[in-house]
Amino acid sequence: MGDYIVLIISCVFVNNILLAQFLGNCPFLGTSKKMETALGMSMAVIFVMVLAGGITWSVYHMLLVKYNLQYLTTIAFIVIIASLVQFVEMFLKKSMPALYAGLGIFLPLITTNCAVFGACLINIGEEYTFMQSLVTSFGFAAGFGLALILFAGVREKIILARVPKALQDTSIGLITAGIMSLSFFAFKGMV
Amino acid sequence: MAKSLAQEFTKGLWEEIPPFRLVLGLCPVLGVTTSMKNGIGMGLATTFVLICSNILVSLLKGIIPTKVRIACFIIIIATFVIVVEQVMQAYVYGLFIDLGMFIPLIVVNCIVLGRAEAFASKNNVIYSMADGLGIGIGFTLALAALGGLREIFGKGTLTVWGDMAYTLFPASYEPFNFMVQAPGAFVCLGLMLCIMNLFD
């Protein structure tokens, strides 16, 4: 149990997927202008990433390794993630319309979110067991959510500030992200 | 839409240069640019995928049903990414290891999918090829510039390709480590964007 807690802390803080591994930066900058969209995106990512982590692990170890097809990893994973997102969308629409309305537009966007795909690749690369890859997927997704929500909070305040013309919008966003990344560096010695 | 072939090509170099004007595909931009060499390698790999997928998407645009087009585009892109992966593993293994996860991640690079959706699925093959080449070269230049900048200040050296490395500062230069680490990537890109905005 202790191992899993260490794993979660390392995924959320030390190896934060957005600020230390540089994955999923497009939605990070794209959906962080409002707190609501940031929350929706984080929820959708947590949901899909844990599912995708479990399924890609099973497919890789039970199908691809067994038949010596590792070179097909990329295409297999992306097809799994794309169809998973589609499936989750249809399932939610039927059975949980309230949640579906909340996540709405963010679900299809996740297909091209490299954080999901990247987390699955990390699980394979580090040779985690099934349980470990579920835990790391959750940790990465939670780290994504944490960074995104914090960043959205900062960005809502930046709108009120007087930013020089050349630095506006994405430019100041990136510099802010840099400073946030610097603060996440402080966790480095923790695990 | 009466743009000439040359215009379709050159728009990728300044007007719509990917990571700056189209804020897409940021992950490899930030992740691999710890040296100029990595930036160029990543840029070229992406360019190859971009051109090939643009050509194929534009050829198949009449056949692919609109409802499932995104899935079809992704599979076309994934095919070319696997080609790049296999070729790089065979010929430039060192670079392949350096770029690591970011090579398979070209699949989910929004630039490639974005061009397939916004350009190649509406234009003919020659134009799509020019568009892919232009955007690809623009992306490579941007990655090389960012990689070069971070490497010069962060390590005091400049590696262009393979073993072609130059030491630019005297031995007494204390490397500014911040630049090659994660926060430096964000700040550097932000400042480059700011400088580009100044020129408009």
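Data for the structure
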| item | result |
| --- | --- |
| Sorted by Cβ neighbour density within 10 Å, fewest at the top, the residues A:3, B:98, B:200, B:131 | B:200, A:3, B:98, B:131 |
| Principal-axis tilt of helix A:114-125 within chain A, Cα atoms, nearest 10 degrees | 40 degrees |
| Distant-in-sequence amide H partners of residue B:159 (H built 1.01 Å from N, under 5 Å) | B:36, B:37, B:166 |
| Per-residue Cβ neighbour rank within 10 angstrom, fewest leading, B:52, A:114, B:27 | B:52, B:27, A:114 |
| Calculated from backbone phi, Karplus (6.51, -1.76, 1.60) coupling profile of region B:67-75 in Hz, x at Gly/Pro | 5, 10, 5, 4, 4, 5, 4, 4, 5 |
| P(r) of chain A over all Cα-Cα pairs, binned every 5 Å from zero, in whole percent | 1, 8, 16, 18, 18, 15, 12, 7, 3, 1, 0, 0 |
| Candidate lysines - alpha carbon under 25 Å from residue B:67, same-chain residues fewer than 8 apart omitted | A:93, A:94, B:122 |
| Region B:143-200: translational diffusion in µm²/s, Stokes-Einstein, Kirkwood Rh over Cα pairs, 37 °C, 0.692 mPa s | 269 µm²/s |
| Number of partner chain Cβ atoms within 10 Å, mean per residue of A:175-186 | 5 |
| Most mobile of A:148, A:39, A:92 in a GNM of chain A (Cα contacts under 10 Å) | A:92 |
| Cross-link reach list, aspartates and glutamates versus residue A:165, counting only Cα pairs under 17 Å and skipping chain neighbours closer than eight places | B:200 |
| Shape call, the protein assembly as shown: gyration tensor on alpha carbons, a/c limit 1.5 | rounded |
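Coordinate-derived values only; no laboratory data. No experiment lies behind these values; they were computed from the predicted model shown. Backbone-built Cβ (ideal geometry, glycine too); neighbour counts: all protein chains shown.
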